[in-house]
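Participant: Take this structure first; my questions come after.
The values are calculated or read from the model by the stated rules, or taken from the named source; none is laboratory data. Remember, predicted model here, so these are calculated numbers, not experimental data. Heads up, the Cβs are rebuilt from the backbone with ideal geometry, glycines too, and the neighbour counts pull from every protein chain shown.
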Amino acid sequence: ANTILSGFGTTIFTVMSALATRHGAINLGQGFPDQDGPEDIRDVAARVLMDGPNQYPPMMGMLELRQAVADHNHRFYGIAVNPETDILVTSGATEALADCLLGLINPGDEVVLFEPLYDCYLPLVLRAGGVPKFVRLDPPNWEIREDRLREAFSERTKLVLLNTPMNPTGKVFTVEELQRIAHYVQESNAYAVCDEVYEHLVFGEARHVPLATLPGMGNRTVRIGSAGKTFSLTGWKVGYITGCTDLIGQIAKAHQFVTFTTSPALQLGVAYGLNKGDEFYTDLRQSLEGKRDRLKTGLEAIGFKTADCDGTYFINADIRSIGFEGTDEEFCRLITTEAGVAAVPVSAFYVGEGEEKHFVRFCFCKQDAVLDQAVQRLSEFF
Ligand code: PMP
Ligand code: GLN
């Protein structure tokens, strides 16, 4: 078959996880925690499974969860929205992204994307008929070059898809960078769809600022969150979109025909989770920051140079720094099959030619002993 999607292979996460399983490797490739999130959240969901409700929840999401998302927006970012009209619950951030693209663009509309980009963005943009325009960020600092930003936007730009904190780079966009992006979005009279699934995984001095909070952006921006990342329950696939009534209404037009709704037990579990006290969020951040430092120290002791990581689950290592002369893909296959540690090649997140092939993404949301063992295996191999 010759379709838009037939040009895409199997997603890199599935490829690397399968290879890791086949070789008994420690899987630092696909991003998921190796310990499940809070037991009390799972308890709430389990109770709903037994006692109900278990039939179709409302199309926009259960009001308990929409209220919790609204409260969360207000608590962390001062964003005030109406839970009845300005929030949409989806089956994961992935569905949220699909709904936004299907609901907000027409075939031929231009969509600005930052490269390296998360793997589902391009197929979804293309399948929705969008014309991608890339702003490439270069390692190791992933700064936005002004000329590239300016060239990507035009009067045909319909929306920009922004991921901060950013997978796979670990970059957290600064307020100054967001202001520059906001300027072009407004000049093109476009929308912004912000994938903020790692909003609570931000380290050190870095701060997560939603683009939606910048002047003039509230009515043209939607932000996407995911319980998978915030509660270390990636298999749950519960996402939520916040935006103005008009945009959420347009996006709901897609959602009602894509999944319509999401498991009530999981929605109520997530509603309970979002209402947890600030301490939960602080502990999550501190725990992951410790894991980032642990893996970074271990990789650097082997001789790897690592790129800055201010957020997400991921740290990138430069494979040239230990004298490896092949590509990142060859490197990942080698360490998975021979050293027993899997990682993901960063070139998989590029579309165009001429990308760097020297960076490898390691996932650090694992138990300390697992991270130590991975470092041990790598240091014995190199
Ligand atoms: N966006 C980004 C940047 C991600 O890294 C991921 C997956 N971890 C998703 C979206 C998908 O989230 P979900 O599992 O909630 O669909
Ligand atoms: N977001 C996860 C990652 O970047 C993977 C999610 C998936 O496997 N689709 O590793």
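Participant: Filter region 1-30 for residues that are more than 16 Å from ligand 2 (Cβ to nearest atom) and over 30 Å from Ala369 (Cα atoms); which is surrounded by the most Cβ atoms within 10 Å (Cβ to Cβ)?
Facilitator: Looking at the filtered set, the residue picked out is Ile4.
Participant: Continuing with this model, one more query. So, restricting to helices (runs of 4 or more DSSP H) that lie completely within region 213-299, which ones have at least 2 residues that are modelled with pLDDT of 95 or more and within 16 Å of ligand 2 (Cβ to nearest atom)?
Facilitator: It comes to 227-230.
Participant: If you scan region 340-375, which residues turn out to be among the small types (Gly, Ala, Ser), on the phi < 0 side of the Ramachandran plot and without any contact (Cβ under 8 Å) to a residue 12 or more places away in the chain?
Facilitator: The one that is among the small types (Gly, Ala, Ser), on the phi < 0 side of the Ramachandran plot and without any contact (Cβ under 8 Å) to a residue 12 or more places away in the chain: Ala369.
Participant: Evaluate the following for Thr174: is it in contact with a His (Cβ under 9 Å, 6 or more places away or on another chain) and closer than 23 Å to Val202 by Cβ?
Facilitator: So Thr174 does not fit the description; no.
Participant: State all residues of region 191-200 that are in a loop (DSSP other than H, G, I, E, B), in contact (Cβ under 8 Å) with a residue 40 or more places away in the chain and within 18 Å of Phe114 (Cβ to Cβ); if no residue qualifies, say none.
Facilitator: Of everything in region 191-200, those that are in a loop (DSSP other than H, G, I, E, B), in contact (Cβ under 8 Å) with a residue 40 or more places away in the chain and within 18 Å of Phe114 (Cβ to Cβ) turn out to be Val197, Tyr198, Glu199.
Participant: Given the criteria in contact with a helix residue (DSSP H, G or I) (Cβ under 6 Å, 6 or more places away or on another chain) and either more than 16 Å from ligand 2 (Cβ to nearest atom) or not small (Gly, Ala, Ser) (or both), does Pro33 qualify?
Facilitator: No, not satisfied.
Participant: Looking at region 5-89, what helices (runs of 4 or more DSSP H) fall wholly within it and have at least 3 residues that are closer than 30 Å to Phe359 by Cα, of a type outside the set (Gly, Ala, Ser) and free of Cβ contacts under 8 Å to residues at least 40 places away in the same chain?
Facilitator: Per the criteria, 12-22.
Participant: Related question: Go through (1) away from ligand 2 (no atom under 14 Å from the Cβ); (2) within 26 Å of Lys171 (Cα to Cα) one by one and return the number of the condition Gly92 breaks.
Facilitator: Unmet condition: (1).
Participant: Which residues, counting only those in region 74-116, are out of contact with any Gly (no Cβ under 7 Å at 6 or more places or on another chain) and aliphatic (A, V, I, L, M)?
Facilitator: Ile79, Ala80, Val81, Leu97, Ala98, Leu102, Leu104, Val112, Leu113
Participant: Just checking: which of the strands (runs of 3 or more DSSP E) contained wholly in region 101-165 hold 3 or more residues that are modelled with pLDDT of 95 or more and surrounded by 20 or more Cβ atoms within 10 Å (Cβ to Cβ)?
Facilitator: 110-115, 157-163
Participant: How about region 300-320: which of its residues are surrounded by fewer than 21 Cβ atoms within 10 Å (Cβ to Cβ) and in a helix (DSSP H, G or I)?
Facilitator: Answer for region 300-320, where residues must be surrounded by fewer than 21 Cβ atoms within 10 Å (Cβ to Cβ) and in a helix (DSSP H, G or I): Glu300, Ala301, Ile302, Arg320.
Participant: Follow-up. Of all residues in region 137-165, which are farther than 22 Å from Asn189 by Cα and more than 16 Å from ligand 1 (Cβ to nearest atom)?
Facilitator: Asp138, Pro139, Pro140, Asn141, Glu143
Participant: Please work out which one of (1) over 30 Å from Asp86 (Cα atoms); (2) of a type outside the set (Lys, Arg); (3) in contact (Cβ under 8 Å) with a residue 12 or more places away in the chain is the condition His255 fails and give its number.
Facilitator: The one condition His255 does not meet is (1).
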